[in-house]
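The values are calculated or read from the model by the stated rules, or taken from the named source; none is laboratory data. Predicted model only: the values in this text are computed from it and were never measured. Here the Cβ is made from the backbone with ideal geometry for all residues, glycine too, and neighbour counts use every protein chain on show.
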2 protein chains.
Amino acid sequence: MNDSRPIRAKSGTNHEGTSAHNRRVMIDALRINGALSRADLARATRLTKQTVSNIIEELERDGLVGSRDAVKKGRGQPSTPYGLVPQGAFAIGLQIDRHVTRAVAVDLVGSVLVRAEAGLPPRGPSRGTKVILDLVAGVRSKLEIIARQSERRLVGLGVAMPGPFGVDGSGDDPWMMAAWQQFPLLETLAAGTGLDVGLQNDAAAAATAERMVGAAHGLDHAVCLFVGYGIGAGLILNGELYGGANGNAGEIGMALLFADGKSTPLEHRASLASLYEHLSADPADPALHARINDLALRGDPSIQAWVKAAAVDLRWSIHLIETIFDPQTVILCGSAPEALVNSLIAAVGPLLPSIAERRGRTLPRLQPGMADPWSVALGAAAGPISRAFDPRFAAILKDSL
Amino acid sequence: MNDSRPIRAKSGTNHEGTSAHNRRVMIDALRINGALSRADLARATRLTKQTVSNIIEELERDGLVGSRDAVKKGRGQPSTPYGLVPQGAFAIGLQIDRHVTRAVAVDLVGSVLVRAEAGLPPRGPSRGTKVILDLVAGVRSKLEIIARQSERRLVGLGVAMPGPFGVDGSGDDPWMMAAWQQFPLLETLAAGTGLDVGLQNDAAAAATAERMVGAAHGLDHAVCLFVGYGIGAGLILNGELYGGANGNAGEIGMALLFADGKSTPLEHRASLASLYEHLSADPADPALHARINDLALRGDPSIQAWVKAAAVDLRWSIHLIETIFDPQTVILCGSAPEALVNSLIAAVGPLLPSIAERRGRTLPRLQPGMADPWSVALGAAAGPISRAFDPRFAAILKDSL
DNA sequence: CTTATTAAGTCAAATGTATTGACTTAATAG
DNA sequence: CTATTAAGTCAATACATTTGACTTAATAAG
């Protein structure tokens, strides 16, 4: 009679969950609106003045918020706005790419304080791990010099690398990512740094960055179409990054397209990888990024031809994203050179008709996002900040400890 | 200096939010696992035995749960399992389709107690409203006869109709849905019934039904691919139905496919609408559903040809859904005749390779869901039940009242 | 210049829920 | 028959928000 099938249930909550949520809501409000008075916060969050006062006092003790100069606006006692203190928290972001790894340190408001980059030796984790740990250690010590006490306020290490994760077969990038997939990376990094470690794919990281400091700031429904070596979509749904059942949601670049009687993944047609092939360029060449940016700026015909072809696929991808997600806006971003992304954005219009064409739109259907080799590392770093401070359902639950 | 730009913030929560969440978690646990003892509930929800006792007592007072026979399992005091009481709550679901409207009454566990159907006169809401209100009134009075006191326990009226909602242009179905889109339907129904009214598109409704009583029961990440007159995807993400920024998420049928030099929406190629056209059948013919079911069962060659062609597009849709959402499973369901859906499921395999191919899968990539003309109405009714009793982020917030 | 009004923010007590730890009940194992 | 184990209750406590009165500090109006 021992039927010990596991009982599945969501976790309950208690006072601490309530309090944690309210703290996060407060921080979120300050992040979206800038400095606000306690009275404003009370109105916006529907909490009482007293509760807001208590929480603000606590956040101030914790060094997360600080008061600004009082403002007199009309009758009544002048209000004292409170704003986020950038030095209230820090996080390290780590991008692991095919030939290179980048680490950044960011603060509570998402400003990048330290950057560092290193080449990744071939043969994957066996030698790469040391390079990465050294890189992170270097960033941490530089951060500690710039921002005293930052070690104490480090909320985590966010890692971003190309997905998908945990999928059968090695995928289509034999260079090295498959080796990293096998390796217990998160455990190794956690052990090597003593930090909480989280993982995202690079498109998700880009979306996390856009939400903290970019075009998706303050939006609850946005999709970032990320053009890098591959193509992915970072999904902001209900104000949170959506990862799917296994963290692989948004791997749109692996979508198979059928044309001319054969099937091809989207990212073989419109990603940087496809451009490199089109140009017969060596992806490992460190000067390539700048050269492509240059060519794109000058209107190089070979680049233009690729842009024109890629724009067709991206236009369709945007249409599909709008149709499936019904977001407030789509953001086109990438680790591709900025001039190239700008060319793509210019070439991708006019957009295809979709359900996004509705009365009373306030945001453009398509917005440019970051196009910067560092944006993925920034997003990686934004991950732990978001997990620690943004309002989310999981944060009220008792097992989120 | 009067900068009265609105302040945007998420809502805070308080003790009642906590309590509401814990009640919902309790109900959810009983729905997923069947009857459980207080001790089991305490372990599963991570609440204390005492808290669970308090909440169970309250839920029992409210008539939502009831005790079952004590079970002796090993040492210790026998446990008393508590389970949901079906008569604890009721909801009415209303499907508004092109030529027909259906209403059902369901109870807390999603059993259909009453069904009623009526033809919809042409010219849209002007005359249709009365038909609908009469239909709902009829269902309510029949329900009251079957289940005494049900009126008092009616949590709402859920409406399902084809989307998309609020989009420019009339869409591609001139028959009548455009007229319904203009009309203040929800307000009219709320006024005419005195009930809380909610709206979903039909694919979302189907997903809601699958989650309450079907293949998505207990799943937090599932996508229902719904084949009806049109095609849509009902998205269960993080345990909640996802509607997007405007309730139009999942309108995958409107995705444009490019082939043979022209673009065609998916649902012009693979929906019932396309089958009707293929057969030169009149969609308004009430006998059509049964006839198609019959033909499909008998292996009619014309049907088989359509199935074969549609399966290609559906196979690709499933691949796309897996690639973009990374769900635990995809469910193929529809208002199409059951035999037809079964043919489609048979013809759609083998599935395309995707990130869904991973080590340690427990659920099939594709599962059959409901294929029943009443499933949308059932899902419509499941909507209010879910909103009232399922755990969700919005339910803890102060503005969810 | 004085007073009324308005709004921000504080204080202390009250309220609502979950928690704690001791206790009771009731079964099985040995 | 007794020890052990587990379910469930009781009473007191802890925690976070709420309530309503109060204080502070500004502008508007006469």
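Under the condition of being part of a loop (DSSP other than H, G, I, E, B) and within 10 Å of DNA strand C (Cβ to nearest atom), which residue from segment B:69-79 is farthest from the other protein chains (Cβ to nearest Cβ)?
First, pick out the residues of segment B:69-79 that are part of a loop (DSSP other than H, G, I, E, B): B:69-70, B:72-78.
Narrowing further to those that are within 10 Å of DNA strand C (Cβ to nearest atom): B:70, B:72-78.
Values: B:ALA70: 14, B:LYS72: 9, B:LYS73: 6, B:GLY74: 8, B:ARG75: 12, B:GLY76: 13, B:GLN77: 16, B:PRO78: 12 Å.
Here the residue is B:GLN77.
Of these, A:ARG387, A:ARG365, A:ARG359, which one is assigned by TED's automatic domain parsing to the domain that holds A:ALA160 and either in contact with a helix residue (DSSP H, G or I) (Cβ under 9 Å, 6 or more places away or on another chain) or closer than 30 Å to B:GLY166 by Cβ (or both)?
Details: A:ARG365 fails: assigned by TED's automatic domain parsing to the domain that holds A:ALA160; A:ARG359 fails: assigned by TED's automatic domain parsing to the domain that holds A:ALA160.
A:ARG387 is the lone residue from the list that is assigned by TED's automatic domain parsing to the domain that holds A:ALA160 and either in contact with a helix residue (DSSP H, G or I) (Cβ under 9 Å, 6 or more places away or on another chain) or closer than 30 Å to B:GLY166 by Cβ (or both).
Among residues belonging to segment A:43-66 that are small (Gly, Ala, Ser) and more than 8 Å from DNA strand C (Cβ to nearest atom), point out the one that is farthest from A:ALA388 (Cα to Cα). Walk me through it before giving the result.
We begin by selecting, within segment A:43-66, every residue small (Gly, Ala, Ser); these are A:44, A:53, A:63, A:66.
From the residues that got through so far, the ones that are more than 8 Å from DNA strand C (Cβ to nearest atom) too are A:44, A:63, A:66.
Numbers: A:ALA44: 21, A:GLY63: 15, A:GLY66: 19 Å.
Result: A:ALA44.
Can you work out which of the residues in segment A:330-357 that are in contact with a strand residue (DSSP E or B) (Cβ under 7 Å, 6 or more places away or on another chain) and facing chain B (nearest Cβ under 9 Å) is surrounded by the most Cβ atoms within 10 Å (Cβ to Cβ)?
Looking at the filtered set, the residue picked out is A:ILE355.
Any idea which of A:ALA205, A:ALA209, A:ALA216 is within 14 Å of chain B (Cβ to nearest Cβ), under 26 Å from A:ARG153 (Cβ atoms) and hydrophobic (A, V, I, L, M, F, W, C)?
Values: A:ALA205 fails: within 14 Å of chain B (Cβ to nearest Cβ); A:ALA209 fails: within 14 Å of chain B (Cβ to nearest Cβ).
It is A:ALA216.
Any residue in segment A:45-58 that is in the same structural domain as A:ALA20 (by TED's automatic domain parsing) sitting within a Cβ distance under 7 Å of a residue that is outside any helix (DSSP H, G or I) and more than 8 Å from DNA strand D (Cβ to nearest atom)? List the pairs, counting only those 6 or more apart or interchain.
So the pair list comes out as A:THR45/B:ALA9; A:THR45/B:SER11; A:ARG46/B:SER11; A:ILE56/A:VAL65; A:ILE56/A:TYR82.
Would you pick out the residues in segment A:182-196 that are under 20 Å from the mean Cα position of the chain (by Cα) and crowded, with 18+ Cβ neighbours inside 10 Å?
Result: A:LEU185, A:LEU189, A:LEU195.
Out of everything in segment B:387-399 that is modelled with pLDDT of 95 or more and in a helix (DSSP H, G or I), what residue ends up being nearest to the other protein chains (Cβ to nearest Cβ)?
Taking the candidates together, the pick is B:PHE393.
What pairs come up if the first residue lies in segment B:73-85 and is farther than 19 Å from B:ILE385 by Cα and among the charged types (D, E, K, R), the second is within 16 Å of DNA strand C (Cβ to nearest atom) and in a strand (DSSP E or B), and their beta carbons are under 9 Å apart, counting only those six or more places apart or on different chains?
B:LYS73/B:SER79
Are any of the residues in segment B:376-386 buried (at least 18 other Cβ atoms within 10 Å of the Cβ) and either of a type in the set (Lys, Arg) or not in a helix (DSSP H, G or I) (or both)?
Among the residues of segment B:376-386, not one is buried (at least 18 other Cβ atoms within 10 Å of the Cβ) and either of a type in the set (Lys, Arg) or not in a helix (DSSP H, G or I) (or both), which makes the answer no.
I need the full set of residues from segment B:114-152 which are in contact with a strand residue (DSSP E or B) (Cβ under 6 Å, 6 or more places away or on another chain) and either within 18 Å of B:LEU186 (Cα to Cα) or assigned to a helix (DSSP H, G or I) (or both), in order please.
Across segment B:114-152, the qualifying residues are B:LEU120, B:VAL131, B:ILE132, B:LEU135, B:VAL136, B:GLY138, B:VAL139, B:LYS142, B:LEU143, B:ILE146.
Let me spell it out: the conditions are (1) within 11 Å of chain A (Cβ to nearest Cβ); (2) closer than 26 Å to A:ASP220 by Cα; (3) not in a helix (DSSP H, G or I), and B:CYS224 meets all of them except one. Which number is the exception?
(1)
Results for (1) within 21 Å of the chain's Cα centre (by Cα); (2) away from chain B (no Cβ under 14 Å); (3) within 16 Å of DNA strand D (Cβ to nearest atom); (4) modelled with pLDDT of 95 or more, shown as yes or no for each residue.
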residue: A:GLY66; (1), (2), (3), (4): no, yes, no, yes
residue: A:ALA89; (1), (2), (3), (4): yes, yes, no, yes
residue: A:GLY93; (1), (2), (3), (4): yes, yes, no, yes
residue: A:ALA105; (1), (2), (3), (4): yes, yes, no, yes
residue: A:ALA116; (1), (2), (3), (4): yes, yes, no, yes
residue: A:PRO125; (1), (2), (3), (4): no, yes, no, no
residue: A:ALA137; (1), (2), (3), (4): no, yes, no, yes
residue: A:ARG153; (1), (2), (3), (4): yes, yes, no, yes
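Check B:GLY360, B:GLY383 and return the single one that is out of contact with any Pro (no Cβ under 9 Å at 6 or more places or on another chain), more than 13 Å from chain A (Cβ to nearest Cβ) and within 30 Å of B:LEU30 (Cβ to Cβ).
Values: B:GLY360 fails: more than 13 Å from chain A (Cβ to nearest Cβ).
The match here is B:GLY383.
What about B:THR323, is it surrounded by fewer than 24 Cβ atoms within 10 Å (Cβ to Cβ) and either of a type in the set (S, T, N, Q) or away from chain A (no Cβ under 11 Å) (or both)?
Numbers: surrounded by fewer than 24 Cβ atoms within 10 Å (Cβ to Cβ): no; either of a type in the set (S, T, N, Q) or away from chain A (no Cβ under 11 Å) (or both): yes.
Here the answer is no, as B:THR323 does not meet what is asked.
Does B:GLY110 count as farther than 30 Å from A:ARG23 by Cα, within 16 Å of DNA strand C (Cβ to nearest atom), out of contact with any strand residue (DSSP E or B) (no Cβ under 7 Å at 6 or more places or on another chain) and part of a loop (DSSP other than H, G, I, E, B)?
Numbers: farther than 30 Å from A:ARG23 by Cα: yes; within 16 Å of DNA strand C (Cβ to nearest atom): no; out of contact with any strand residue (DSSP E or B) (no Cβ under 7 Å at 6 or more places or on another chain): yes; part of a loop (DSSP other than H, G, I, E, B): yes.
Considered against the rule, which asks whether it is farther than 30 Å from A:ARG23 by Cα, within 16 Å of DNA strand C (Cβ to nearest atom), out of contact with any strand residue (DSSP E or B) (no Cβ under 7 Å at 6 or more places or on another chain) and part of a loop (DSSP other than H, G, I, E, B), B:GLY110 comes out as no.
If a residue must be near DNA strand D (Cβ under 8 Å from one of its atoms) and acidic (Asp, Glu), how many such residues does segment A:21-51 contain?
Residues meeting the conditions: 0.
Filter segment B:38-64 for residues that are within 14 Å of another protein chain (Cβ to nearest Cβ) and of a type in the set (A, V, I, L, M) and give the result.
Across segment B:38-64, the qualifying residues are B:ALA39, B:LEU41, B:ALA42, B:ALA44, B:LEU47, B:VAL52, B:ILE55, B:ILE56, B:LEU59.
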